[in-house]
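Reviewing the structure listed below.
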Amino acid sequence: MSLYNKIIKKSIWVFHASASPCNNCDIEILDLITPGYDIERFGIKLVGSVRHADVLLVTGIVSHKVAPRIKQLYEQAPKPVFVVGIGTCTIGGATFKQSYNRAGAPLDKIIPVNAFIPGCPPKPEAMIDGIVKLLGTLK
Amino acid sequence: MSKCRIPLGPFHPLLEEAEFFNIKVEGEKVVDIEMETGWMHRGHEKISETRTFTQSIFLVERICGICSTSHPFACVNAIEDIDNVEIPERAKYIRVLIGELERIHSHLLWVGLAGHFIGYDTLWMWAWKYREPILQLSEKITGNRNHYAMMRVGGVGRDFDNSLIPEINPVLDMLEKKMVMLAGAVNDDPVLKSRLKGVGILTKEDAINYCANGPTARASGYDIDVRRDDPTAYEVVDVKVIVTQNGDVFDKAVVRVLEIIESCHIIKQCLKAFEKVQGPIINKVKEISPGEGIGRYEAPRGEVFHYIRSDGTNRPVRHKVRAPSFSNIPTYKASCIGIPLADALITLASVDPCYCCTERSLKVFDTKGRRLEESLLKLSREKTKKIRKNFYADGVSPLERIFEL
Ligand code: SF4
């Protein structure tokens, strides 16, 4: 495991799934790969398929309709995969707490989660910080 | 030639939000597109009934993260409409300023994503690079990069700090220059031109028939803009409405780029006014009387409409929202059919659809209280089929028989 962790720290590939968010967290994630923040310099890259991903970013309150899909995405990912919940939505539902369509808030009702990044939306710096802290836990 | 079905989504690397397209093709040609939505539904209208009027503003802000000031703008317009509340002049300028900053960053976002869709990632990176200073300005003015929380019933929540004016002006000048450069670069590039010009044309008749609004309608020569037609804060500034005639993807891009430049001009008018117009920023509203109110605002994607009914308590009895994408998305039926598959995606994206805004429809429960997973469309079609069987022996109506021949 330790060799794997050593390698993965250098270059993590990220897949982003939007599960009923307000779109803002997703836009801020995309902001990370554009010149303003450019996280590719740390080896972090957004990939098109969850089968290539080391980290699964999930945003939003996970409505009843997407919940099975999110579970499926998690099952498709090669293990070990680290799941990061972005935004207050994934933690407690933010302002949608009373929504009748809320299946997963907190997100770990649906899939195991390694880290949460709070904020509505979290600032891009906070997201980088969260990912770096997650990597710091790897031995 | 046999038909082939191409599923796209719901989690697809190209689409940022979860939505599902069922594209039917014959060879290269698109013959039909079906769309399934509902992945983003969060039930705003129901939650809003449990919140007070002021709390509703923060809730509708989170309908969509990109037009996150358009919804509160229309919402406060609707609440103010119930009691005919007048707002102070300085508050009007602040509302316009925030609205236009949002328009700039939203249009830049679209320009970037459109570049990404046709394989011009450089354009994407450039556009988003210029978007970053606008977000930072928003943070300086309002305290947050996206959800601004500026609107209140009767005015705005925070005052504008006049000492920021010298910081904003250079950014606007830079942006204007870069937009002119970008427009020139797009115009000079033959590849880009052949990829966008004449693709996915939406005629003026179709735009009217499908009730298109916003840049989608204006690119087809249909001259509507709520900022000019029904202003609630915009009467204090001059708004030039940009209209082009061709209705193709190229024109939709042109409209958006020119609107960015026009927004810069509007913001400059506001900045000039801030030095002269001082005074209160909010008229305190103590209570909302029973009644109905309608609020409209020109969001970056088109007209957003809010309806609020109040019964004299501190909560809305009914809060109805109609987002611009709701009437813009169906225009793909007119613009996408018959074009090559490769052009379909950029045509779908050209209306700048926002699914988070659109999806507030209700779930259907059957009599035993189970939630029906099937889409409403399927349900309604099955119902038609059932009824039809009662009328025609073989279940085929005379109208369909004509098309079968
Ligand atoms: S945490 Fe806030 S910004 Fe992020 S998706 Fe939820 S409501 Fe939107």
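Summary table below
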{"quantity": "Hits in region B:215-226 (condition: buried (at least 24 other Cβ atoms within 10 Å of the Cβ) and either in a helix (DSSP H, G or I) or within 14 Å of the chain's Cα centre (by Cα) (or both))", "calculated": "B:Pro215, B:Thr216, B:Ala217, B:Arg218"}
{"quantity": "A:Val47, sole failed condition from (1) at the interface with another protein chain (Cβ under 7 Å from one of its Cβ atoms); (2) surrounded by fewer than 20 Cβ atoms within 10 Å (Cβ to Cβ)", "calculated": "(1)"}
{"quantity": "Qualifying residue in region B:216-239 (condition: over 15 Å from B:Ser263 (Cβ atoms) and in contact with a Leu (Cβ under 6 Å, 6 or more places away or on another chain))", "calculated": "yes"}
{"quantity": "Condition met for B:Lys24 (at the interface with chain A (Cβ under 10 Å from one of its Cβ atoms) and at pLDDT 75 or above)", "calculated": "no"}
{"quantity": "Qualifying residue in region B:51-64 (condition: more than 14 Å from chain A (Cβ to nearest Cβ) and in contact (Cβ under 8 Å) with a residue 40 or more places away in the chain)", "calculated": "yes"}
{"quantity": "Region A:13-38, residues that are more than 11 Å from chain B (Cβ to nearest Cβ) and surrounded by fewer than 20 Cβ atoms within 10 Å (Cβ to Cβ)", "calculated": "A:Trp13"}
{"quantity": "Qualifying helices (runs of 4 or more DSSP H) (wholly inside region B:103-214; at least 2 residues being buried (at least 19 other Cβ atoms within 10 Å of the Cβ), within 14 Å of chain A (Cβ to nearest Cβ) and among the small types (Gly, Ala, Ser))", "calculated": "B:121-142"}
{"quantity": "Close pairs (6 angstrom Cβ cut-off, 6 or more residues apart or separate chains): closer than 10 Å to A:Ala19 by Cβ in region A:84-110, of a type in the set (Gly, Ala, Ser) and near the ligand (Cβ under 8 Å from one of its atoms) anywhere", "calculated": "A:Cys89/A:Gly60"}
{"quantity": "Output for region A:98-113, where each listed residue is within 13 Å of chain B (Cβ to nearest Cβ) and either at pLDDT 85 or above or away from the ligand (no atom under 12 Å from the Cβ) (or both)", "calculated": "A:Gln98, A:Tyr100, A:Asn101, A:Ala103, A:Gly104"}
{"quantity": "Number of the condition not met by A:Val55 [criteria: (1) away from every other protein chain (no Cβ under 14 Å); (2) within 27 Å of A:Ser2 (Cβ to Cβ); (3) surrounded by fewer than 22 Cβ atoms within 10 Å (Cβ to Cβ)]", "calculated": "(3)"}
{"quantity": "Selection count where residues are within 14 Å of the ligand (Cβ to nearest atom) and away from chain B (no Cβ under 13 Å), scope region A:114-139", "calculated": "4"}
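The values are calculated or read from the model by the stated rules, or taken from the named source; none is laboratory data. For clarity, every value in this text was computed on a predicted model and none was experimentally measured. Methodologically, a virtual Cβ is constructed for each residue, glycine included, from the backbone with ideal geometry; neighbour enumeration extends over all protein chains shown.
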